[in-house]
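Engineer: Take a look at the following structure, please.
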Amino acid sequence: MFGIRAVRISVLCAGLCAMASVVSAQTKVAIINMQRAVLESDEIKKASAELEAKFRPRQAEVQKVERELQGIQQQLTQNAGKLSPQQEGDLQATGTRRQRDYKRMTDDLQADVDSERNEVLGKSQQQMIQVVKQVAEAKGYDVVVDVQTTVYFKTALDITPDAIAAYNKAYPAAK
């Protein structure tokens, strides 16, 4: 009885292994580096340059305030003991006020940059997903896996360059 059961289990296991190899042999898998695909698209490169240009004046203003703060600190250090208590107090009050302005400016600038960048990246990522689906269907892939969640893959499976090219074709960056 034990021998017959062992034979049946062996036959069942062999059958399951054979089915698994048939199924896996028929599945076409591709790998994509989604982050790279989005960031290297022409649209994102253009949007990045536009964001940089848009926020450059505010960044220059932040740097100006930073230089002012350094100047105030330098005055306080170099003139320690030489300034009247009133002058020193005024300089410290100015420094405190400008420090508060600096913090507010940097926080606001960072929040605005992050918001716009996330909006652009989110839109582009959704569009890239659609492009990847089209590339996968055109090339007959059953599964596309992101490289960040993959332990090992053959580089021949990487469709990132194809996705970037297809994205740039589908969503050309305005000149």
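Engineer: Identify all residues within the stretch 152-170 that are within 20 Å of the chain's Cα centre (by Cα) and of a type in the set (V, I, T); write none if there are none.
Structural biologist: Those that are within 20 Å of the chain's Cα centre (by Cα) and of a type in the set (V, I, T): I159, T160, I164.
Engineer: Which residues, counting only those in the stretch 136-155, are of a type in the set (A, V, I, L, M) and either farther than 19 Å from A170 by Cα or in contact (Cβ under 8 Å) with a residue 60 or more places away in the chain (or both)?
Structural biologist: A136, V143, V144, V145, V147, V151
Engineer: Something else: State all residues of the stretch 118-160 that are under 26 Å from K46 (Cβ atoms) and either of a type in the set (K, R) or not in a helix (DSSP H, G or I) (or both); if no residue qualifies, say none.
Structural biologist: K123, K133, V144, D146, D158, I159
Engineer: Check A60 against each of (1) modelled with pLDDT under 95; (2) out of contact with any strand residue (DSSP E or B) (no Cβ under 7 Å at 6 or more places or on another chain); (3) of a type in the set (G, A, S) and name the one condition it does not meet.
Structural biologist: (1)
Engineer: Now for a different question. Considering each of E50, E116 in turn, give the residue that is without any contact (Cβ under 8 Å) to a residue 60 or more places away in the chain and surrounded by 11 or more Cβ atoms within 10 Å (Cβ to Cβ).
Structural biologist: E50
Engineer: Something else: In this structure, is G122 under 38 Å from the mean Cα position of the chain (by Cα) and surrounded by 14 or more Cβ atoms within 10 Å (Cβ to Cβ)?
Structural biologist: Spelling it out, it is not the case that G122 is under 38 Å from the mean Cα position of the chain (by Cα) and surrounded by 14 or more Cβ atoms within 10 Å (Cβ to Cβ).
The values are calculated or read from the model by the stated rules, or taken from the named source; none is laboratory data. Note that the structure is predicted; figures quoted are calculated from it, not measured. FYI the Cβ positions are ideal-geometry reconstructions off the backbone, even for glycines, and counts take in every protein chain you see.
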